[in-house]
């Protein structure tokens, strides 16, 4: 089999965004030798795209803020489906995680008295987002990156080697988590630059790979977001939870086509931007749902007063949670009141002086000027919903971030599910990365130490299978023959190529397959969902899965993007099936899941989680047979919310969300 | 919506050699050069290697040279070119090539490690940091850097003189020194580290002849030369070449100045 | 700076073996040579003109105007200028044009100026000729060693330039006299001098060394509000340093040329009142 480079580490972190780096820092500080693997260059992770800020109840801007209020906002935003213990830990620990960044050199915008300035954001009762202009994600990733370097400098002073305790493998992709029985034994991957294979033996693996947006056509996500961690967890036997909840950010760019989907930060609205339809009407006033009626302004006057006097006025409806705003925009466009390029207008030009806009929203000004030739200080932006974030993800233990059922596997950040319930509030993502990144690193390190020298060995057969799976696209022309060859070495949880007969057909272009997948998910499992369309989507996904077996590539293994995409397709197809199946199953509308045929939120679904697992973990992927599902769905009742946390809410509010029996428990 | 066929020359090859290859590609309204590269991948050259990520000018991955000028592929609109023009795309020419448009930017990560990290102040724990906006403004400008390394690529000190790579950190990392030196709470001085002096002695500030190409190419519009490099040179002069300042500091010590 | 002028591939540069194999030293298609060519032409023109005028030792005073090239005039062979900037510090041994003594300072200020350095490194040394255009030098040490390490004396020339600007301000005040030294008059020359002194001050204060000295060296602006404001003011000027460098170069040459024209009798200074 192909040559494989092998190394031993205590903890391997897959992904070098906010969660991955925070996990790596924690693991290394707790004494674990830690490797970080990332698909891009170090410091380029998708976290840089986060604009608005980090939500943390530091109470710098409003002294009434506290972790309890933050917890409450988070649960409201998630429509009470959140894994409440995660939401609690998140709200409690976020301020410490932000302050810690300052001790590592981060420079947030300041208040007049020298503390960290906090800004308003959708769904947050008080100004709560620590920020740096509109480039907070960049500040976060750079600070963590520089902390990693600082730790490497420490190691260098101690050992003469920068990478003795903490090493970043940049531009490497993990394709398999390796296991010894139930337990994690390492990861298999390849270097993108050279195409060489890599096995990192480690008893603990932290998944921090981010989201799945690249399965959708219009998305704010970067190419890396192919659901790798989700798929790795599934293939390793860990379930995913609530994958039907996909957040469509209400404001993405809609024109020009090449930038369609790129994010327009929520701060535009937090700082005074308003949404108008083609008739010039601030339509959001018509879309305030009942559960939020008493929290949002009813007139433009009141809404406008709120920016100056938030204590005595209610907030403008433009700042409703993202799912509400996205649906409203969708409805306006459908009703024929959209902008020329199929969005609505987001206007700051009539709301603030040009100079203030340029100072408060520099990246947005820049982005529209450079990419769309639009001067946002003089004319409105055109915006529409864009696939932004997946609330669902690896089912984890709230306290330890350990994936269920697979000892040694951890997940943090967007790849982990539960924290945000059915819808994530803006700003809660960056704090999520830090809080649970740290927890994952901590517990992974502890688990690795606990094993001492009883580490799970790496199964050679699994390495061979993984290598065969990775090489498949190069021999796609003779698909049947090579599949049989690969199948011969399949054992245990390998990618079974068994039953690959009947795969006749021409090689497929991975780019074409990817485009068809994106179109399918966008059109049929998008922001508004219908039963028939989702069934159609599942059929198409099954066909694509079969065709993807024949995805072939030209050239060689050195930095070959066609090959990389062919391998990523497996992950996107798996994850897309999870989304579609779960969305079909949940017959209600809640947060990031909207069913046209079940438009109301149903309290009976409040305490139901949907778990996706691999249908046939022993047999690997049932790729060849389009009629067989790869994913099995199970329902699970959630743990009741702890009474002291429930007591943070008014009874009148709880009755809107909770099922009868939950209220009286 | 209007589209047209544009002519491109794209450098293809690897460390062993290569050359410019001709392509004719469809271009649509509002597209950027990266869109064209992606169309090439999807239709004509599936294994064309290019590094990219956010496609919104925020991550600094897709650095390359377009018509000989270092640019971000995702932030170069096709509309800036004449339709009849043949557009040349090459990898960054200051770094070793890996394949096609992808170069080995490891030099930059090595230099990043050579800059001593932020030194937290003693006596202020997490949550106790107090800094004023006017004191963080300068360093915040430098922290806008997306590490696209275009400044490192265009700087003739290393672009035209491979042998200087050992001694010269490059604009990006000299700016990092300036950022830390201007950080209101950095306690390096207390720990015996004089960042301005180190800029001159360890990181090759003297090699910079302030010809401002770094500022010209910066996609974030950071005024690297005026706000980071020259102030750093002046601070080095304070330490090393100015007897008046030395005398002044002997006569009256100004704490915290 | 650069020594030797062999072709760029000799010791690395863009044709170093590990880099993308492209033989052209650059692939720029725009007129990248235009800016350095204009810079070179402009600076050369000034050098030629100022050399002629500085060595001419004539036509530098036409009451009440004294050429900025000859002010202050520090030798015995200076023309007597009533209440003018005469200060015979050098005595009788100085035989050549007295302009040479004083011109060292503004010349040194401009020669070590961060903007002019960029301009002539690019235009005359081709180091680099333009961004991403390979420079023709075999090796490069920049300002890291002798002689270019001496560029670090810029701030001393700045201090001197402050004094010179002070004297030129005095000269401008004197320009509010008529040719008979009566106060309260103005001519076209007065306007030329006014424009020149404003530009000289703007250029001098916009200097990077000045920006550093007034506040840039501070770590905490919040503790020095007055210096912070001064730093901001100088910073705004500094953003225009290049434009001011050229404008003041032109204005000082024009002021001198104006004096030359009047002193040599080409035309009489038009008097307003």
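What are the radius of gyration and Dmax of the protein assembly as shown, computed over its Cα atoms and given in Å?
Rg, Dmax (Cα atoms, Å): 33.1, 112.
I want to check the label-to-label distance for residue A:294 and residue C:243. Put each point 7 Å from Cα in the C-beta direction and report it in nm to one decimal.
In this crude spin-label approximation the distance works out to 5.9 nm.
Quote the relative contact order of chain C in percent (integer), defining contacts as alpha-carbon pairs under 8 Å separated by 6+ residues. Intermediate values should be presented prior to the final figure.
Numbers: 369 pairs, mean separation 65.2, N = 273.
Normalised by residue count, the contact order of chain C is 24 percent.
Mind listing the Cα extents of chain A along all three principal axes, in Å, largest one first?
Extents along the principal axes, in whole Å: 71, 59, 57.
Stretch residue A:539-residue A:629 to full length: gain in nm at 0.36 nm per residue minus the Cα-Cα span?
Details: separation 90, 0.36 × 90 = 32.40 nm, distance 0.98 nm.
So the chain would gain 31.4 nm between residue A:539 and residue A:629.
What ranking do A:34, A:265, A:634 get, fewest neighbouring Cβ atoms within 10 angstrom at the top?
Numbers: A:34 31, A:265 26, A:634 11.
Fewest-to-most Cβ neighbours within 10 Å comes out as A:634, A:265, A:34.
Across peptide B:10-22, what mean number of C-beta atoms from other chains lies inside 10 Å of a residue's C-beta? Intermediate results must be reported in sequence, preceding the final value.
Values: counts 0, 4, 1, 3, 5, 6, 1, 3, 3, 4, 4, 0, 0.
Mean shielding by partner chains, rounded to a whole number: 3.
Can you give the extra length, in nm with one decimal, that the chain gains between residue C:226 and residue C:254 once fully stretched, where that is 0.36 nm per residue apart less the Cα-Cα distance? Walk me through the numbers before you get to the answer.
Working: separation 28, 0.36 × 28 = 10.08 nm, distance 3.61 nm.
Result for the pair: 6.5 nm of gain on full extension.
Against the longest principal axis of chain A, how steep is helix A:479-488, in degrees 0 to 90 to the nearest 10, with axes from Cα atoms?
The answer is roughly 70 degrees.
Just order A:409-419, B:23-33 by mean Cβ neighbour count inside 10 Å, highest at the front, would you?
Values: A:409-419: 31.5, B:23-33: 18.5.
My ranking of the peptides, most packed first, is A:409-419, B:23-33.
Can you give the alpha-carbon Rg of region A:248-386 over 2.2 N^0.38 Å, where N counts its residues?
Rg over 2.2 N^0.38 Å, computed on Cα atoms: 0.99.
Using a simple spin-label model with points 7 Å from Cα along the Cα→Cβ vector, what separation in nm is obtained for residue A:64 and residue A:379?
If labels sit at residue A:64 and residue A:379, their model points lie 4.1 nm apart.
Mind checking the angle between helix A:84-103 and chain A's longest principal axis? C-alpha axes, 0 to 90 degrees, to the nearest 10.
90 degrees
Other chains near A:254-261: what is the mean number of their Cβ atoms within 10 Å of each residue's Cβ?
Numbers: counts 0, 2, 9, 6, 14, 7, 1, 2.
For this peptide, the per-residue mean of nearby foreign Cβ atoms is 5.
At each listed q (0.07, 0.09, 0.12, 0.13 Å⁻¹), what is the log10 of I(q)/I(0) that the Debye formula gives for chain C modelled as equal alpha-carbon point scatterers?
Computed log10 I(q)/I(0) values: -0.34, -0.54, -0.86, -0.96.
Report the label-to-label distance for residue C:111 and residue A:96 in nanometres (one decimal), using points 7 Å from each Cα along the Cα→Cβ vector.
6.3 nm
Using 1/(1 + (r/R0)^6) with R0 = 22 angstrom and r between the beta carbons of residue C:268 and residue C:182, what's the FRET efficiency to the nearest 0.05? The partial results should precede the final answer.
Details: r = 17 Å, r/R0 = 0.76.
Once the sixth-power term is evaluated, E becomes 0.85.
In percent, what relative contact order does chain B have, based on Cα pairs under 8 Å that are 6 or more apart in sequence?
Numbers: 402 pairs, mean separation 40.2, N = 257.
Averaging sequence separation for qualifying contacts and normalising by length gives 16 percent for chain B.
List residues of region C:53-69, by number, whose backbone nitrogen lies under 16 Å from a label position 7 Å along Cα→C-beta of residue C:96.
Of the residues in region C:53-69, C:53-58 have backbone N under 16 Å from the label point off residue C:96.
How much FRET efficiency would the formula 1/(1 + (r/R0)^6) give for residue B:201 and residue C:146, where r is the Cβ-Cβ distance and R0 is 22 Å, rounded to 0.05? Walk me through the numbers on the way to the answer.
On the way: r = 16 Å, r/R0 = 0.73.
According to the calculation, E is roughly 0.85.
Let me confirm one metric for peptide A:43-53, namely the mean number of other chain beta-carbon atoms within 10 Å of its residues' beta-carbons. Walk me through the numbers before you get to the answer.
On the way: counts 8, 12, 3, 4, 1, 9, 6, 1, 1, 0, 0.
What the average comes to for A:43-53 is 4.
If I take R0 = 22 Å and measure r between the Cβ atoms of residue C:261 and residue C:51 in this structure, what FRET efficiency does the formula 1/(1 + (r/R0)^6) give, to the nearest 0.05? Could the numbers behind the result be given before it?
Details: r = 19 Å, r/R0 = 0.85.
Efficiency, from the Cβ-Cβ distance: 0.75.
In percent, how large is the relative contact order of region A:1-129, given Cα pairs closer than 8 Å and 6 or more residues apart?
Values: 146 pairs, mean separation 29.1, N = 129.
After rounding, I find 23 percent.
Can you give the convex hull volume per residue for the Cα atoms of region C:40-104, as a whole number of Å³? Write out the running numbers ahead of the final one.
Values: hull volume 5.1 nm³, N = 65.
Taking the convex hull of the Cα positions in region C:40-104, it is 79 Å³ per residue.
Helix C:188-205 sits at what angle to the longest principal axis of chain C, using alpha carbons and giving 0 to 90 degrees rounded to 10?
Tilt of helix C:188-205: around 40 degrees.
Fewest Cβ neighbours within 10 Å first, please rank A:96, B:82 accordingly. Could the numbers behind the result be given before it?
Details: A:96 16, B:82 8.
The order, fewest Cβ neighbours first, is B:82, A:96.
Please arrange C:162, A:574, A:517 by counting, for each residue, the other beta carbons lying within 10 Å of its beta carbon, fewest first. Spell out each step's value before the answer.
Details: C:162 16, A:574 26, A:517 23.
Starting with the residue having the fewest Cβ neighbours, the order is C:162, A:517, A:574.
For region B:3-103, list log₁₀ I(q)/I(0) at each q in 0.13, 0.14, 0.22, 0.25 Å⁻¹, using the Debye formula over Cα point scatterers of equal strength and ignoring solvent, two decimals each.
Log-scaled intensity ratios, in q order: -0.40, -0.46, -1.23, -1.59.
The numbers here are math on the coordinates, done by the rules we state, and not lab data. Everything quoted here is computed from the prediction, not taken from an experiment. Virtual Cβ from ideal backbone geometry, glycine too; neighbours counted across all protein chains shown.
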